1. Could you give the nm distance between label points at residue 26 and residue 65, where each point is 7 Å from its Cα heading toward the beta carbon?
2. For the chain, I need the span (max minus min coordinate) of the C-alpha atoms along each principal axis, in Å, sorted largest to smallest.
3. Please work out how much length the chain gains when fully extended from residue 75 to residue 38, using 0.36 nm per residue of separation minus the C-alpha to C-alpha distance, in nm with one decimal.
4. Mean separation of Cα pairs under 8 Å and 6+ residues apart, divided by the residue count of the chain: what relative contact order is that in percent?
5. log10 I(q)/I(0), Debye, Cα-only the stretch 41-92, no solvent, q = 0.13, 0.21, 0.28 Å⁻¹?
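Read-outs: derived from the displayed coordinates by stated rules, not from any lab. What you are looking at is a predicted structure, and each value in this text was computed from that prediction instead of being measured. Positions of Cβ are backbone-derived with ideal geometry, glycine not excepted, and every protein chain shown enters the neighbour counts.
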Amino acid sequence: MTRADLADVVHREIGLSRAESAMIVERVLYHMCHALSEGENVKISGFGSFILRDKGERVGRNPKTGVEVPIAPRRVLTFRASQLMRDQIAEG
């Protein structure tokens, strides 16, 4: 699903113009990105949570050569689906 698909659903379900629907989708995504960039987790009830995790430095291995290389510490974004979403996906 793309931003355009989301905007189209908003347009059909709520009846706003296509431009207004696209603007709403963009604003929601902007606020989510801003919150995450500020270090906040984002939880959408019934959907899931976007969680930031700090991963420490570790030693990795080049699979071709077997040479060990340090992997720098970094922040990663993970998504954890809500139980409601998991149940809906399992039902198919």
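1. Rounded to a tenth, the inter-label distance reads 4.6 nm.
2. Sorted largest first, the three principal extents are 58, 32, 27 Å.
3. Working: separation 37, 0.36 × 37 = 13.32 nm, distance 1.21 nm.
Gain on stretching residue 75 to residue 38: 12.1 nm.
4. Values: 103 pairs, mean separation 18.6, N = 92.
Relative contact order, the chain: 20 percent.
5. Log10 I(q)/I(0), no solvent term: -0.54, -0.76, -1.00.
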